[in-house]
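Trainee: Questions regarding the structure given below will be posed in turn.
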Amino acid sequence: MKPTRLISVLLPLLAAISLGAQPTRYPYFSKQYQIPFPKSIPSGPDTVTVAVIGDVMMHARQLEYDHHPFLARISGALREADFAVANMEFPLGGKPYAGYPAFSTPDYYAWYAAEDCGIDVFLTANNHVLDRGPAGLQRTLDVYGRIRDSLGVRQTGAGRDARELEETYPLTLFLHGIRIALVNFTYGTNYGSSETWPAVNRMDREAVGAAIRRARGQGADFVVALPHWGTEYQLRHDATQQSWAKWLAGQGVDAIVGSHPHVVQDTTHIQGVPVIYSLGNAVSNMSLTNTRIGLMAILRFVHDPVDGQKRMLEPELRFLWCTLPGMLLPDSYATLFVKEWAGRRGDWLTPSDFENMMSSYRRVLDGTGIED
């Protein structure tokens with residue numbers, strides 16, 4: 001595990017310091033908006049990095065394989081980040097274990113993500129977290145509580161009750177004098193109506209707005225919104241996502257990083273706020289078009305030693321590819337960085353999967369407008 005860092009709910013502190021402004025150099029976002037980012041400042045002792053990956057899934061077929069290789073090839077980058085965040089797209093509901101449509105994932109998978117892969121924050125506000133009902137959520141949070149007590153890993157997005165939910169909403173990361181609040185919420189769950197899941201953060205403007213105001217009022221330097229939203233399998237965001245992104249930007253968040261569609265979606269800036277509509281899958285058994293390509297988003301926050309201001313730098317996007325058993329490894333899944341493996345066709349057991357990776361990569365770039 002990484003050296004111990006403080007991850008806590010917000011404590012009173014001075015109000016956030018405003019951001020500087022200058023257009024970004026990075027071409028992979030839509031040019032529809034000018035980007036008020038400050039000058040680039042190299043990473044150093046006063047920089048905090050937050051790496052975010054999308055849907056970590058455990059489909060039924062994945063249960064048949066050794067899970068240790070699943071994220072091993074990207075775990076170095078996760079560990080390099082000061083904080084690594086993952087959307088845990090399942091409950092730990094106990095036996096019998098199952099995949100889609102009603103997941104119940106073994107406890108060892110969450111321990112693996114934390115201990116072997118360096119994940120520091122589990123996002124739990126998603127549509128599958130209540131697949132095993134309230135009892136399954138209770139059990140999930142009990143397991144996450146043991147992981148927190150043992151490894152210091154926290155979860156945000158769900159709670160055993162409304163009080164616990166508010167205590168972790170938002171969740172604050174603290175390092176090098178910088179406080180970063182995470183606001184994670186979902187459009188819904190697969191269990192009942194919104195009234196029957198009060199212990200999961202909902203896509204409700206009153207509640208989300210209150211969480212953002214709490215973060216700012218209690219001293220967050222930066223607020224990152226992490227919505228679970230959008231239309232599945234669509235490479236472009238929908239009208240609801242756009243409406244919410246504009247609203248979130250107006251509420252003063254500093255970045256928006258979404259999940260749920262199971263594919264990478266387009267990116268843009270709204271009022272200077274970077275919007276990454278969907279990271280896609282990190283690891284899964286999906287094989288539908290575009291579902292094996294994902295993103296890791298790396299956000300950097302700097303306490304500038306020259307002028308004392310706290311700033312967010314340009315986000316970095318790294319494309320991922322999830323190989324299925326028999327493609328790269330004979331007996332397991334493996335998620336890897338596309339660019340690191342783009343010249344290694346000969347390492348594939350099934351070279352046609354290398355071609356699939358490269359054609360999928362180009363198709364997603366074309367479909368989203370992202371330039372990489």
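The values are calculated or read from the model by the stated rules, or taken from the named source; none is laboratory data. None of the values given here were measured: they were computed from a predicted structure. For neighbour counting, all protein chains shown are included, and Cβ atoms are generated from backbone atoms with ideal geometry for every residue, glycine included.
Trainee: Are any residues in region 153-177 under 18 Å from Gly217 (Cβ atoms) and acidic (Asp, Glu), and if so, which ones?
Mentor: Once the filter is applied, which keeps residues that are under 18 Å from Gly217 (Cβ atoms) and acidic (Asp, Glu), region 153-177 yields Glu166, Glu167.
Trainee: I'd like to check something: does region 142-154 contain any residue that is assigned to a strand (DSSP E or B), surrounded by 15 or more Cβ atoms within 10 Å (Cβ to Cβ), in contact with a Lys or Arg (Cβ under 9 Å, 6 or more places away or on another chain) and not basic (Lys, Arg)? Reasoning before the result, please.
Mentor: Narrowing region 142-154 to residues assigned to a strand (DSSP E or B): 154.
Among the residues that remain, those that are also surrounded by 15 or more Cβ atoms within 10 Å (Cβ to Cβ) are: 154.
Remaining after also requiring in contact with a Lys or Arg (Cβ under 9 Å, 6 or more places away or on another chain): 154.
Checking the rest, the ones that are also not basic (Lys, Arg) come to none.
There is no residue in region 142-154 that is assigned to a strand (DSSP E or B), surrounded by 15 or more Cβ atoms within 10 Å (Cβ to Cβ), in contact with a Lys or Arg (Cβ under 9 Å, 6 or more places away or on another chain) and not basic (Lys, Arg).
Trainee: Shifting gears a bit: Could you check, for region 215-231, whether at least one of its residues is at positive phi, hydroxyl-bearing (Ser, Thr, Tyr) and modelled with pLDDT of 95 or more? Walk me through it before giving the result.
Mentor: Filtering region 215-231 for residues at positive phi gives 219, 230.
Next cut, hydroxyl-bearing (Ser, Thr, Tyr) only: none.
Checked region 215-231: no residue is at positive phi, hydroxyl-bearing (Ser, Thr, Tyr) and modelled with pLDDT of 95 or more.
Trainee: Now for a separate question. All but one of (1) on the phi > 0 side of the Ramachandran plot; (2) in a helix (DSSP H, G or I) hold for Arg163, so report the exception by its number.
Mentor: (1)
Trainee: Can you report the number of residues in region 110-123 which are crowded, with 20+ Cβ neighbours inside 10 Å and not in a loop (DSSP other than H, G, I, E, B)?
Mentor: Kept after step one, since they are crowded, with 20+ Cβ neighbours inside 10 Å, are these residues of region 110-123: 110, 113-114, 117-123.
Right, trim to not in a loop (DSSP other than H, G, I, E, B) and you get 110, 113-114, 121-123.
Of the residues in that region, 6 qualify.
Trainee: Okay, moving on. Here are some conditions: (1) surrounded by fewer than 24 Cβ atoms within 10 Å (Cβ to Cβ); (2) in a loop (DSSP other than H, G, I, E, B); (3) not acidic (Asp, Glu). Phe319 meets all but one. Which one does it not meet?
Mentor: Going through the list (1) surrounded by fewer than 24 Cβ atoms within 10 Å (Cβ to Cβ); (2) in a loop (DSSP other than H, G, I, E, B); (3) not acidic (Asp, Glu), Phe319 breaks only (2).
Trainee: Still on this model: Of all residues in region 72-100, which are without any contact (Cβ under 8 Å) to a residue 40 or more places away in the chain, farther than 17 Å from Trp111 by Cα and part of a loop (DSSP other than H, G, I, E, B)?
Mentor: Once the filter is applied, which keeps residues that are without any contact (Cβ under 8 Å) to a residue 40 or more places away in the chain, farther than 17 Å from Trp111 by Cα and part of a loop (DSSP other than H, G, I, E, B), region 72-100 yields only Pro96.
Trainee: Which residue is farthest from the chain's Cα centre (by Cα), if the candidates are limited to region 331-363 and must be assigned to a helix (DSSP H, G or I) and of a type in the set (A, V, I, L, M, F, W, C)?
Mentor: Only one residue tops the list, namely Phe354.
Trainee: Regarding Met296, is this residue crowded, with 21+ Cβ neighbours inside 10 Å, within 26 Å of the chain's Cα centre (by Cα), over 28 Å from Asp82 (Cα atoms) and at pLDDT 95 or above?
Mentor: In short, no.
Trainee: Among what's in region 326-347 and is over 29 Å from His237 (Cβ atoms) and either free of Cβ contacts under 8 Å to residues at least 24 places away in the same chain or of a type in the set (Ser, Thr, Tyr) (or both), pick the residue that is surrounded by the most Cβ atoms within 10 Å (Cβ to Cβ).
Mentor: Here the answer is Ser332.
Trainee: Tell me whether region 348-365 contains one or more residues that are more than 24 Å from His67 (Cα to Cα), touching a strand residue (DSSP E or B) at 6+ places or on another chain (Cβ under 8 Å) and among the β-branched types (Val, Ile, Thr).
Mentor: Yes - at least one qualifying residue is present in region 348-365.
Trainee: Within region 364-371, identify whether any single residue is modelled with pLDDT under 95 and either part of a helix (DSSP H, G or I) or buried (at least 20 other Cβ atoms within 10 Å of the Cβ) (or both), and answer yes or no.
Mentor: In the first step, residues of region 364-371 are kept if they are modelled with pLDDT under 95; the result is 369-371.
Going one step further and asking which of them are either part of a helix (DSSP H, G or I) or buried (at least 20 other Cβ atoms within 10 Å of the Cβ) (or both), we end up with 370.
Yes; the residues of region 364-371 include at least one that is modelled with pLDDT under 95 and either part of a helix (DSSP H, G or I) or buried (at least 20 other Cβ atoms within 10 Å of the Cβ) (or both).
Trainee: Could I ask something else about it? Give me the pairs: first residue in region 307-325 and over 21 Å from Phe174 (Cα atoms), second residue part of a strand (DSSP E or B) and among the hydroxyl-bearing types (Ser, Thr, Tyr), beta-carbon distance under 9 Å, and six or more apart or on different chains, which are they?
Mentor: From region 307-325, the pairs are Leu317/Thr267; Leu320/Thr335; Trp321/Thr335; Cys322/Thr335; Thr323/Thr335.
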